[in-house]
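The structure is given below, and queries will be raised subsequently.
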Amino acid sequence: MPTQPKPSGTLKAVRGTRDLLPPETALWNRVESTARSVFARYGFGEIRTPIFEDTSLFARGVGEETDIVSKEMYTWDDRDRFDERRLRVRWLEMYTRDEYIGSRSNVKAGSAEIDLVAERRGVVEGQEVLITELVEFKPEVRQFDVDRLTSAVNHFKETSGKEHVLGKLVVPEKRNTASSVKELQHGIFIEQLTGEFFLQSQRITLRPENTAGVVRAYIEHNLGDTGQLQKLFYIGPQFRRERPQRGRYRQFWQIGVEVLGPVSSGSESPLRDAEVLEMLATLLDELGIQGWKLELNSVGSAEDRKRYVEVLRQALAPIKHQFCLDNQRRAQTNPLRVLDSKDPDDQALIDGLPKIADYLDESSRNHFAQVCAALDASGVVYTINPRLVRGLDYYTRTTFEFTVPSSGDPASGLGTQNALLGGGRYDGLSEMLGGPRAPGIGFAIGEDRLILTLQAQFNAVSAKYVSYLMHAYIAPIGAHNNAAALALARELRNGANGLRVEVGDGSFRLKKSFEMASKIASNIVIVGDDELSSNNFTVKTFLTGNQTKIDKSELAAFILSQSSVPNDPEWAQDFFKSDREST
Ligand code: AMP
């Protein structure tokens with residue numbers, strides 16, 4: 001038997017992936033609940049699409065030539081799938097002969113359920129008899145199935161009183177030579193049928209982004225038939241095989257939004273673009289992100305884009321060799337991507353290239369002007385960045401990015417990854433995926449980067465923000481008081497005040513209980529024999545150093561009044577805001 005290589009060393013999370021642990025996860029939850037509450041105010045509903053999809057969705061939707069599709073996707077071939085139904089139908093076709101009298105599907109025989117029980121006439125030792133066949137349809141012969149069938153046959157014989165019972169394992173003939181039947185052991189036959197009984201394997205990809213999946217779902221569920229504008233949001237992990245660094249992971253989270261629908265629902269209106277951008281400004285402000293900047297551009301309609309790409313190709317041709325190798329390749333495969341390049345040596349060359357704004361037709365120019373006017377009216381500040389074309393093929397018209405103070409600035413927490421989020425309009429995507437016309441606009445926030453930014457901008461605050469104290473630590477004195485301690489904790493946790501309570505262990509020495517309590521809670525409550533008999537509990541408050549005895553009926557209210565944690569579920573936000581204003 002081949003030996004399995006032994007794993008060496010301890011197992012770790014795969015490169016580019018990481019565990020999110022408390023207390024940091026409290027910050028993640030806070031970000032997500034703020035996003036959910038802002039999205040609700042703007043009329044968005046949540047969509048959850050599968051984490052893996054058919055590979056062709058991304059090839060067609062995102063574009064074969066993009067970095068994401070050409071080199072960053074996690075893709076595999078799912079195994080060929082055995083199609084039991086086809087094998088069963090084929091067997092029944094072959095055996096609908098005179099000698100077969102009838103059959104029943106899915107028959108219980110002891111603990112097994114048998115796919116088919118068929119009866120036929122046959123001859124045994126010169127006598128015409130009734131033969132019962134227990135038939136199973138399987139992808140291959142496995143000992144486990146043979147054993148199961150054998151015991152089903154025995155059980156069936158005993159319980160039915162029938163004399164001539166045999167088992168048949170029907171499997172595909174792999175080499176497609178000829179169908180055959182052979183007896184494997186007494187009363188158990190293997191029957192091989194020729195034909196195609198496997199469904200072809202599917203190529204599957206872990207989603208590298210969520211827009212394509214949302215549009216696929218829009219098409220699959222005919223959401224356009226409602227005639228309504230679909231306003232959808234998602235929160236979930238995405239996967240790209242990029243080189244990991246701070247702010248760039250192979251599994252990362254996105255919070256995204258898509259607004260799409262038939263043209264009659266107003267999905268093409270520049271007001272939709274402006275509303276989405278204004279909502280983002282609101283969200284970033286509510287989260288407390290400081291110094292964000294909105295950069296905006298229009299890449300025009302699909303035709304404008306085509307025209308511009310041609311102009312760009314021609315402008316690049318004579319100077320291509322002066323660019324870095326990556327950009328030389330992009331100049332060939334996807335010239336728009338040259339504009340996205342962050343390579344410092346290429347910046348002056350890129351600035352000299354033709355600008356897409358000069359190649360927009362009138363309707364695209366008008367659309368963009370209206371987006372800008374609506375943003376101006378609602379007071380959202382932006383700058384126009386003519387180089388902002390974004391990497392994905394599906395973008396049309398408005399494209400945008402929100403950044404935080406840049407690269408070298410440690411306040412962003414992002415290193416060189418200063419784009420917090422990006423998005424744009426994708427008027428032709430639904431048609432690219434074989435759906436009806438459904439213009440739309442959306443964005444995806446990099447949640448990991450959002451968290452890094454929050455942590456860097458409010459380091460001191462966010463530490464407090466995420467690691468809030470328990471109201472009380474219950475310390476039983478002696479293991480015999482453990483049960484009473486748990487009962488008291490239950491009352492405090494589930495009572496009207498809903499306190500946050502930790503319970504120690506009666507075998508701890510009092511000194512140890514005090515040490516543990518002082519790290520995680522505002523108060524320690526001693527549960528000793530005296531306390532339990534008098535219903536009068538010793539409470540020490542760490543902040544003041546005061547120690548007093550409190551009657552059980554007043555315990556919860558007292559603990560609450562002596563806690564540095566406000567008992568308001570929204571406390572963290574208030575805490576956060578007041579600190580932010582003072583910075
Ligand atoms: P994209 O889907 O490429 O437009 O990315 C949208 C946002 O997702 C970016 O602005 C980033 O904040 C975030 N993002 C993209 N790739 C990664 C990654 N590998 N790791 C972390 N965040 C990412």
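Show me, for region 132-138, the HN-Hα J-couplings you get by feeding each phi into the Karplus relation (A = 6.51, B = -1.76, C = 1.60, θ = phi - 60°), rounded to Hz, glycine and proline as x.
Rounded to whole hertz, the list is 9, 10, 9, 10, 10, 10, 9.
Specify whether the C-alpha gyration tensor of region 81-199 places it in the rounded, prolate or oblate class, a ≥ b ≥ c being the square roots of the eigenvalues: rounded for a/c under 1.5, otherwise prolate if a/b is larger than b/c and oblate if not.
Taking the square roots of the gyration eigenvalues as a ≥ b ≥ c, region 81-199 is prolate.
For a quick protection proxy, order the peptides 100-109, 128-137, 253-262 by their average other-Cβ count within 10 Å, most packed first. Each step should come with its number before you reach the end.
On the way: 100-109: 13.3, 128-137: 18.7, 253-262: 24.3.
The densest-packed peptide leads the list: 253-262, 128-137, 100-109.
For ASP427, list long-range residues whose amide hydrogen, built 1.01 Å from N in the peptide plane, is under 5 Å from its own amide hydrogen.
THR396, GLY440
I need the shape label for region 469-561. Rule: rounded when a/c is under 1.5, else prolate if a/b > b/c, else oblate, with a, b, c from the alpha carbon gyration tensor. Don't jump to the answer; show the numbers that get you there.
Numbers: a/c = 1.30, a/b = 1.08, b/c = 1.21.
Rounded is the answer for region 469-561, as its axis ratio a/c remains below 1.5.
Rounded, prolate or oblate, given the Cα gyration tensor of the chain, with a/c below 1.5 counting as rounded?
Working: a/c = 2.46, a/b = 1.16, b/c = 2.12.
Oblate shape, in that a/c is at least 1.5 and b/c is the bigger or equal ratio.
Could you sort 347-353, 281-287 so that the peptide with the highest average Cβ count within 10 Å comes first and the rest follow in order?
My ranking of the peptides, most packed first, is 281-287, 347-353.
In sequence order, what are the phi-derived ³J(HN,Hα) couplings for region 485-496 according to the Karplus relation 6.51 cos²θ - 1.76 cosθ + 1.60 with θ = phi - 60°, rounded to whole Hz, with x for glycine and proline?
Couplings: 5, 5, 5, 5, 4, 4, 4, 5, 5, 9, x, 4 Hz.
Right, another one. Over all pairs of distinct alpha carbons, what does the Kirkwood formula give as the hydrodynamic radius of region 126-258, in Å?
20.5
When all C-alpha to C-alpha distances in region 1-146 are sorted into bins of 5 Å, what percent of pairs does each bin hold, rounded to whole numbers?
Final binned percentages: 2, 6, 8, 8, 9, 9, 10, 8, 8, 9, 9, 6, 4, 3, 1, 1, 0.
Can you tell me which lysines have their Cα less than 24 Å from the Cα of LYS182? Leave out same-chain residues fewer than eight positions away.
List returned: LYS138, LYS157, LYS162, LYS168, LYS174.
How big is the charge dipole of the chain about its Cα centre, in debye rounded to the nearest 20, if each Lys and Arg gets +1 on its Cβ and each Asp and Glu gets -1 on its Cβ?
That gives a dipole near 1120 debye.
So what are the ³J(HN,Hα) numbers for region 79-92, from phi and the Karplus equation (6.51, -1.76, 1.60; θ = phi - 60°), rounded to whole Hz, Gly and Pro as x?
Karplus values, whole Hz, x for Gly and Pro: 5, 4, 9, 6, 10, 4, 4, 4, 5, 5, 4, 5, 5, 5.
Values quoted throughout were computed directly from the atomic coordinates according to the rules given, and no laboratory measurement underlies them. Note that the coordinates shown come from a computational prediction; the quantities given were computed from them, not determined experimentally. A quick note on method: Cβ atoms are made from the backbone with ideal geometry, for glycine too, and the neighbour counts reach across all protein chains shown.
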